[in-house]
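The structure appears below as C-alpha cells.
The values are calculated or read from the model by the stated rules, or taken from the named source; none is laboratory data. The shown structure was predicted, so the numbers you read here are calculated from the model rather than taken from an experiment. Reconstructed Cβ throughout: ideal geometry from the backbone, glycine too, with neighbour counts over all protein chains shown. Accessible surface areas use protein heavy atoms only, side chains included; no ligands, DNA or RNA. Shrake-Rupley method; radii C 1.70, N 1.55, O 1.52, S 1.80 Å.
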Amino acid sequence: MLQGKNAVITGAGSGIGRAIVDTFAKNGANIWAVVHKTNDEIEKMMSAIAEEQGIWIRVVEMEMHDQDSVKSAVKSIATSGDNVDILVNNAGIPSEKTLGMTSVEDMRRTMDINFIVPSYIIQMVSRKMIKQNGGTIINITSRSGVEVRAGVYAYGASKAALIWGTKAAAKELSQFNIRVNGIAPGLTETKMGSLGRDDEFIERYVSANNIKRPATTDEIAEAALFLASDRSSYISGQILSVDGGRD
C-alpha cells in the first residue's frame with residue numbers, strides 16, 4: 001500500500017510508534033525512525049526490519065524538549081534529498097495529574113511536547129511537501145482530547161489543542177494537495193496506556209467500550225496505514241477514534 005513512499009515517524013522506538021514502523025515497512029515504505037535517544041538495540045532492530053522488508057530505515061535522534069535538537073533533526077530529514085510523503089506525529093508524553101496538582105512547568109512541558117513541537121514539525125515538513133505538490137500528515141492525538149475526564153488536565157488540553165491544530169492544518173494545506181488527519185486512540189496496550197494502569201482502572205475504562213478490551217498497538221498502526229495510503233484519498237481534517245466504541 002505504501003510502496004516507494006518515504007515516511008517520518010516520531011516516537012518510533014516503542015509502543016504505537018514502533019508498531020507503525022513495522023506496519024509501514026511491511027507495506028513498502030522507507031522510514032525515518034525518529035527516537036528520543038538511539039542505542040545499539042534500536043539500531044539493530046531497525047536494521048533487521050529494513051533488511052527483512054527490503055526498504056531503508058534511517059534512525060534520527062530528536063530530544064523533544066530541546067528546540068535545537070528538534071530543528072537539527074527536522075533539517076536533516078528535510079535536506080536529505082529524498083521526498084517526504086508521509087509524516088506521523090506520534091511522540092508525546094503523559095501527564096496523569098488533576099488541575100490542582102499540575103504545576104505551571106508541567107503544563108508548559110506537556111503542551112510543548114504534545115502540541116507545539118508537532119506543530120513545528122508540520123511547519124517544516126509541509127514546506128517540503130508543498131514543493132513536492134503533495135503529502136499526508138497524521139497526528140496521533142488521544143481520546144483524552146475528546147472525552148473530558150478528571151486527572152489528565154494538561155495531557156487532555158494538549159491533545160485537544162493537537163486535534164484543533166490537525167483540523168486547521170488540513171484546511172490551510174489542502175490547496176497544496178496535502179491531507180492532514182488525526183487518530184484518537186483509546187486505552188492501548190503500551191507503557192503509557194493500559195500496561196501502566198491497575199486492573200481496576202482498566203476494567204472501569206473498557207466497560208464503557210463496545211469492544212471490552214484495550215487496543216493493541218497493531219490496531220492503531222493499521223488505522224495509520226489506512227490514513228497514510230491512497231485508500232483514504234478523500235479523507236482530510238478528520239479525527240479517527242480508535243477506541244473500541246466509547247459511549
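When the residues of the range 231-247 are narrowed to those that are within 19 Å of LYS171 (Cα to Cα) and not hydroxyl-bearing (Ser, Thr, Tyr), which ends up farthest from the chain's Cα centre (by Cα)? Looking at the filtered set, the residue picked out is ILE235. The single condition from (1) in contact (Cβ under 8 Å) with a residue 24 or more places away in the chain; (2) assigned to a loop (DSSP other than H, G, I, E, B) that GLY81 fails is (1). Among the residues of the range 13-26, is any open to solvent by 30 Å² or more (accessible area, probe 1.4 Å) and over 24 Å from GLU189 (Cβ atoms)? The answer is no; no qualifying residue exists. Candidates in the range 40-67 are the residues that are within 20 Å of the chain's Cα centre (by Cα) and under 13 Å from ARG18 (Cα atoms); of these, the one that is least open to solvent (accessible area, probe 1.4 Å) is MET46.
Pick from the range 94-129 the residues that are in contact (Cβ under 8 Å) with a residue 40 or more places away in the chain, outside any helix (DSSP H, G or I) and open to solvent by less than 60 Å² (accessible area, probe 1.4 Å): which of them is nearest to ILE140 (Cα to Cα)?
First pass over the range 94-129, keeping only residues in contact (Cβ under 8 Å) with a residue 40 or more places away in the chain: 94-99, 102, 106-107, 109-115, 117-122, 124-129.
Next cut, outside any helix (DSSP H, G or I) only: 94-98, 102.
Still in the list and also open to solvent by less than 60 Å² (accessible area, probe 1.4 Å): 95, 102.
Values: SER95: 16, THR102: 23 Å.
So, considering only residues that are in contact (Cβ under 8 Å) with a residue 40 or more places away in the chain, outside any helix (DSSP H, G or I) and open to solvent by less than 60 Å² (accessible area, probe 1.4 Å), the one nearest to ILE140 (Cα to Cα) is SER95.
Pairs are defined by a Cβ separation below 8 Å, a sequence spacing of at least 6 or placement on different chains, a first member in the range 221-247 that is in a strand (DSSP E or B), and a second member that is of a type in the set (D, E, K, R); the pairs so defined are ILE239/LYS167; SER241/ARG143; VAL242/GLU219; ARG246/ARG143; ARG246/GLU147. Has the range 35-53 got any residue that is at pLDDT 95 or above, part of a loop (DSSP other than H, G, I, E, B) and under 29 Å from MET111 (Cβ atoms)? No, the range 35-53 contains no residue that is at pLDDT 95 or above, part of a loop (DSSP other than H, G, I, E, B) and under 29 Å from MET111 (Cβ atoms).
Considering (1) under 24 Å from LYS26 (Cα atoms); (2) modelled with pLDDT of 95 or more; (3) of a type in the set (A, V, I, L, M, F, W, C), the lone condition that ALA215 does not fulfil carries the number (2).
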